[in-house]
1. Scan the range 169-187 for residues that are open to solvent by less than 70 Å² (accessible area, probe 1.4 Å), away from the ligand (no atom under 16 Å from the Cβ) and either among the aliphatic types (A, V, I, L, M) or not assigned by TED's automatic domain parsing to the domain that holds residue 212 (or both) and jot them down.
2. Go over the candidates 354, 324, 347 one by one and state the one that is more than 25 Å from residue 264 (Cβ to Cβ), among the hydrophobic types (A, V, I, L, M, F, W, C) and without any contact (Cβ under 8 Å) to a residue 40 or more places away in the chain.
3. Conditions: (1) closer than 23 Å to residue 400 by Cβ; (2) surrounded by fewer than 22 Cβ atoms within 10 Å (Cβ to Cβ); (3) out of contact with any Pro (no Cβ under 9 Å at 6 or more places or on another chain). Residue 277 meets all but one. Number of the miss?
4. Yes or no: the range 227-238 includes at least one residue that is open to solvent by 50 Å² or more (accessible area, probe 1.4 Å), within 15 Å of the ligand (Cβ to nearest atom) and free of Cβ contacts under 8 Å to residues at least 40 places away in the same chain.
5. For residue 251, state whether it is over 30 Å from residue 443 (Cα atoms), assigned by TED's automatic domain parsing to the domain that holds residue 140, out of contact with any Phe, Trp or Tyr (no Cβ under 9 Å at 6 or more places or on another chain) and among the aliphatic types (A, V, I, L, M).
6. Please verify whether the range 133-151 includes one or more residues that are in the same structural domain as residue 212 (by TED's automatic domain parsing), over 21 Å from residue 82 (Cβ atoms) and surrounded by fewer than 18 Cβ atoms within 10 Å (Cβ to Cβ).
7. Out of the residues in the range 132-190 that are without any contact (Cβ under 8 Å) to a residue 12 or more places away in the chain and in contact with a Leu (Cβ under 9 Å, 6 or more places away or on another chain), state the one that is farthest from residue 120 (Cα to Cα).
8. Being away from the ligand (no atom under 16 Å from the Cβ), in contact (Cβ under 8 Å) with a residue 12 or more places away in the chain and over 15 Å from residue 182 (Cβ atoms) is true for just one of 220, 303, 255. Which residue is that?
Amino acid sequence: MTDPLLDTDAEAVLRQVHDAAAPYLDSLADRPVLDPASAPLLRELSTDVLEKGEGSAATVGRLLRIGTAAGTHSAGPRFFHFVIGGVTPAALAADWTASLLDQNAAFRTSSAFATEVETVALGWLRELFGLPESYGGALVASATFANFTGLAAATHWWGERQGVDVAADGLAGLPRMPVLSGGYVHASARKALQMLGHGRQSVEVYARDRVGRVDLDALERRLAALPGPAVIIGNAGEVNAGDFDPVDALADLAERYGAWLHVDGAFGIFAALSPRTAGLVRGIERADSIACDAHKWLNVPYESGFAFLRDPARLGVAFGMPGAAYLPADDPRGGYAMLGPESSRRARSLPIWATLAAYGRAGYQAMVERHLDLAQRLARLVDEAPDLERLAEVPLCIVCFRARPAGVPEEALDGLNRRLGQALLDDGRVFAGTTVYDGQVALRPAIVNWRTTEADIDTFVEVVRSLIR
Ligand SMILES: *Cc1c(COP(=O)(O)O)cnc(C)c1O
């Protein structure tokens, strides 16, 4: 019997990917985000190959044929749904390198190289955002996991205050940990609390309006009334309009009442890169823990988040795993497996390191400022269009607006905008998603892809308006 794995021509199969890459990347500027006609191709993924295998060349050829046609081309410049960046050339090449080298970034002994790249990358990110030198962190899979990481550290800190070692003994017997936030708190912070055993309902929301702006007075009254320490979640960049909690004021409250301040800055922390927006994140350097994404505004591949802690030793408390004789796990300097939720992990530091090394602070400041300008351009086009209505200020990179054609009664607008959102996704030329802002169904395009140009913004508005008609 032949051995299909040993017979593989690795060079040929890698060349297939290489040869497909340049035309695909070149096509992104013009192709739709999703070609509705490509859906039937997905059926070809489950053909009858499992028993014998069809060989590398046929398999990779098929994957490329299906993927380049039926994939969501969110790496391209007109995907404005969620908050999704693309991938820079240096990050893409470094991501390929990460797969080539196949490092396990768990322990210094499994890869001193990956551990060191991660340490350098984290140091650069810390510098980029102006965080004090004492801050340390870990790369994690996403901002959800970064929220999990920061809130896990907060949980162990809070347990200590109750005289309990939560890492060893868990939460059993303890009262509910008070978690206070404004209305901007992200669903993934709730999910993190859910995963940590606090329950997603544990967040007490203090908002002063339907938009979710934090009610500082009510939040302070609650802090003053609590018998013990609390956790405050600050939101630096909320997803509907890109607004910010006043992080500095939350840091004051945390100081005054001995609370832990966790800040979710998934994409908003990038405001620190431009003097035009740096004021929005003032105070983030006083947080106890910070959650961020790199796969959004840094434009590196998934899965890339990072968490920073003011006292990085707390990561080892939350994520150490002593007791396995074969692991170097009793030494927190032994690797990032003991400093974050994952154990074995890919070298996701390589694309972060590479894109920062390639483009530097200057490149990222220019990109962020380009996006700030594009968001203002979009806001202006919305304001000028008689059938569109902007619903919020545009402090950063998200423009929240709705369709409001003449003659449509107010009570019909939510339905119309929901249908518009669905029509955009069905059409596929541009992507944006709907939300509910201040009680009204709205679109909320987010601009964070390095490839996006003024022409892409103009196209977006044209497509939206043509679908309204
Ligand atoms: C995107 C986002 C998250 C979750 O990020 P994932 O990378 O999808 O896990 C959390 N908070 C905010 C504010 C976000 O924008």
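1. Passing the criteria: 171, 174, 177, 180.
2. Working: 354 fails: without any contact (Cβ under 8 Å) to a residue 40 or more places away in the chain; 347 fails: without any contact (Cβ under 8 Å) to a residue 40 or more places away in the chain.
Exactly one residue qualifies, and that residue is 324.
3. Of (1) closer than 23 Å to residue 400 by Cβ; (2) surrounded by fewer than 22 Cβ atoms within 10 Å (Cβ to Cβ); (3) out of contact with any Pro (no Cβ under 9 Å at 6 or more places or on another chain), only one is false for residue 277: (3).
4. Going residue by residue through the range 227-238, those that are open to solvent by 50 Å² or more (accessible area, probe 1.4 Å) are 227.
Restricting the remaining residues to those that are within 15 Å of the ligand (Cβ to nearest atom) gives none.
Checking the range 227-238: not a single residue is open to solvent by 50 Å² or more (accessible area, probe 1.4 Å), within 15 Å of the ligand (Cβ to nearest atom) and free of Cβ contacts under 8 Å to residues at least 40 places away in the same chain.
5. Numbers: over 30 Å from residue 443 (Cα atoms): yes; assigned by TED's automatic domain parsing to the domain that holds residue 140: yes; out of contact with any Phe, Trp or Tyr (no Cβ under 9 Å at 6 or more places or on another chain): yes; among the aliphatic types (A, V, I, L, M): yes.
For residue 251, the condition - over 30 Å from residue 443 (Cα atoms), assigned by TED's automatic domain parsing to the domain that holds residue 140, out of contact with any Phe, Trp or Tyr (no Cβ under 9 Å at 6 or more places or on another chain) and among the aliphatic types (A, V, I, L, M) - is met.
6. Yes, that holds for at least one residue.
7. 164
8. On the way: 220 fails: over 15 Å from residue 182 (Cβ atoms); 303 fails: away from the ligand (no atom under 16 Å from the Cβ).
On inspection, the qualifying residue turns out to be 255.
The values are calculated or read from the model by the stated rules, or taken from the named source; none is laboratory data. On a predicted model such as this, the values are computed, not experimentally measured, just so you know. Every residue, glycine as well, gets a Cβ built from its backbone with ideal geometry; the counts of neighbours run over all protein chains shown. Calculation scope for accessible area: heavy atoms of the full protein, side chains included, ligands and nucleic acids excluded. Shrake-Rupley method; radii C 1.70, N 1.55, O 1.52, S 1.80 Å.
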